[in-house]
Amino acid sequence: MPEAAVLQVEDLVVEFPRGRERVLAADGVSLDVQRGEIVGLIGESGCGKSVTALALFRLVPEPGRIVRGTVRLAGVELLGLSERELRRHRGAGIAYVPQEPGEALNPVVRIGSQIVDVMRAHRDVDRRAAWREAVALLRRVGIADPERRARQYAHQFSGGMKQRALIAMALAARPKVLVADEPTTALDPTIQAGILELLATLAREESLGVLLITHDLGVVASICDRVLVMYAGRIVERAAVDELFADPGHPYTRALLAAVPRPGLRRGALPAIPGAVPDLAALPPGCAFHPRCPVAIDACRQVEPAPVELAPGRSVRCLLATPSAPGGDARR
Ligand code: SF4
């Protein structure tokens, strides 16, 4: 029997008021992450990935609000907790690695002290022991000469080192789940590869569940075990990473994959997805992807597709998807 997921999100709905409208930035999002697993959440900018991540911490910026849903961390439902109880779980249970490391670090506090502060906010450890552990954590995340680096400030760190320091801070409270929001976007490709390798090692060796938010399919292919594709606030496809790349089920996923540059492709031959991500306050009727979908049929303009299970753990939200027959393959 598979182990229970360390993070389980069910039917999460986040809305933002806009004039008289309400914008559903996350519309019935369900996902799960197992220990030691890296799950990629992908989609274009504005599809609701980051809002979903913030909702897991109950940190949706105002005037946004979580309308309904459950977020269970190792069996504890977070959305119903008091603010005080929730603070215990943020960091110690589920930790966040943001996109811009430069903005997340305090410029006037030594890097080591910032790690110590996180540690002591969540664990009963004296300052001296915490400092030793902070140095060990910096070493663990691949920072050379950690004793010296721990005494330095953020401006003395390169972009890649800042991101590593933030991961060390996230680990300081010994979380079960790490939510990394585009953690390599601001970094050059070689540094990016090092950070991704670090996340993969941590997931494997510390049994850490990682939810990796990205728009970069190369990142997904290199370290994720499973992938969730998000469009207009909804998960439109979920699959193991190999299946997704070998046989994408949703027309949007196919379009995303086709738009990835490949060696040998003629200049100007890269297909772009036509149109733009829809305004969430004015979604088209039926399937939200229909104005951009190359295989849309008339029904797509009227009927909102429900998720169709193609195989265990594999689903696609598309009217053209055919449910799997018992014991047989799904057809699309
Ligand atoms: Fe395309 Fe229709 Fe499927 Fe939506 S439901 S992805 S418009 S075929």
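Between Arg127 and Arg204, full extension at 0.36 nm per residue minus the direct alpha carbon distance yields a gain of 24.8 nm. Please report the carbon-and-sulfur percent of the accessible area for the stretch 26-119; probe 1.4 Å, protein heavy atoms only, DNA, RNA and ligands left out. Carbon and sulfur atoms account for 48 percent of the accessible area of the stretch 26-119.
Extension gain, Glu147-Ala193: 0.36 nm per intervening residue step, less the Cα-Cα distance, totals 14.1 nm. Gain on full extension, evaluated as 0.36 nm per residue between Ala272 and Glu304 minus their Cα-Cα distance, stands at 9.1 nm. Distance between the pseudo-spin-label points of His215 and Ile297 (7 Å out from Cα toward the beta carbon): 3.2 nm. Calculated over the chain, the projected area of the Cα convex hull averaged across directions stands at 19.6 nm².
Once the Cα atoms are used to define both axes, helix 111-122 deviates from the longest principal axis of the chain by about 80 degrees.
Please work out the C-alpha center-to-center distance from the stretch 176-211 to the stretch 65-103 and express it in whole Å. Comparing the Cα centres of the stretch 176-211 and the stretch 65-103, I get a distance of 19 Å. Report, for the chain, the % of DSSP beta bridges that are antiparallel, rounded to 5. Here the antiparallel bridges make up roughly 60 percent for the chain. A Förster distance of 22 Å, applied to the separation of the beta-carbon atoms of Ala258 and Ser222, puts the FRET efficiency at 0.70.
Taking all protein chains together, Leu54, Leu105 sort by accessible area into Leu54, Leu105, largest first [probe 1.4 Å]. Expressed as a whole percent, the proportion of Cα-Cα pairs in the stretch 108-173 lying more than 18 Å apart is 22%. Entry comment: accessible area of the stretch 108-173 is 47 Å² per residue, from protein heavy atoms only and a probe of 1.4 Å.
The values are calculated or read from the model by the stated rules, or taken from the named source; none is laboratory data. All values reported here derive from a predicted model rather than from experimental measurement. For neighbour counting, all protein chains shown are included, and Cβ atoms are generated from backbone atoms with ideal geometry for every residue, glycine included. Side chains are part of the model used for accessible areas, which takes the heavy atoms of the whole protein and leaves out ligands, DNA and RNA. Shrake-Rupley method; radii C 1.70, N 1.55, O 1.52, S 1.80 Å.
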